[in-house]
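The values are calculated or read from the model by the stated rules, or taken from the named source; none is laboratory data. It should be emphasised that the depicted structure is a prediction, and the values quoted were computed from it without experimental measurement. A quick note on method: Cβ atoms are made from the backbone with ideal geometry, for glycine too, and the neighbour counts reach across all protein chains shown.
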Amino acid sequence: MKFIGTKLAGAFIVEPEPLEDARGFFARTFCAREFREQGLADVFVQCNIALSRNQGTVRGLHYQRPPACEVKLVRCTTGALYDVIVDLRPDSPTYLQYLGVELTARNRRALYVPEMFAHGMQTMEPDTEVFYQISNYYEPEAATGLRYSDPKLGIHWPLPVSIVSERDAKWPLLG
């Protein structure tokens, strides 16, 4: 696997390195030892999938507050999505900056999302499915979010937003 650093410290794009032959290919998408060697979380306690039927659907921006912070490893298994993370670490030089990465079933990339980063996505194709591993259990009382359209964040979504949940549309704006 290749671990590609991003402009947001601690966030990585993880690319598989396929071994190809006449049958096709084989590639690892996760190895606890390699993640640990990179200083990254290497234990995930929950895996989720989400399917969005419509192109332009936005999910997020979600995160969990302390003490239930979580790391996510996000991968698109069908279709394509624009994956967004926002740095919420108050002492970080990139506080409130965002990163957008295209994850597709074709490029097989994953995005490693550190603790105290909000996470959201927009589907670039209909019937897009995402698979993500999480380092902590879902704690409803710690779950919160940022509004995907908050002008203070200035996120440029590549497509017009076609669908967003009522909950995600009502997260408060940043001060």
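The figures follow:
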item: Residues satisfying the stated conditions in the stretch 81-101, i.e. under 13 Å from the mean Cα position of the chain (by Cα) and either basic (Lys, Arg) or more than 18 Å from residue 10 (Cα to Cα) (or both); result: 81, 82
item: Where residue 141 falls short, out of the listed (1) closer than 20 Å to residue 10 by Cβ; (2) exposed (fewer than 14 other Cβ atoms within 10 Å of the Cβ); result: (1)
item: The stretch 103-143, residues that are charged (D, E, K, R) and over 14 Å from the mean Cα position of the chain (by Cα); result: 106, 125, 127, 139, 141
item: Cross-chain or 6+ apart pairs with Cβ under 7 Å, the stretch 90-109 first and of a type in the set (Ser, Thr, Tyr), then surrounded by fewer than 15 Cβ atoms within 10 Å (Cβ to Cβ); result: 92/9; 94/7; 94/9
item: Selection within the stretch 59-86 - more than 22 Å from residue 161 (Cβ to Cβ) and either of a type outside the set (S, T, N, Q) or modelled with pLDDT under 95 (or both); result: 65, 66, 67, 68, 69, 70, 71, 73, 75
item: Wholly within the stretch 62-175, strands (runs of 3 or more DSSP E) carrying at least 2 residues that are among the hydrophobic types (A, V, I, L, M, F, W, C); result: 72-78, 80-87, 98-104, 110-113, 117-123, 128-134
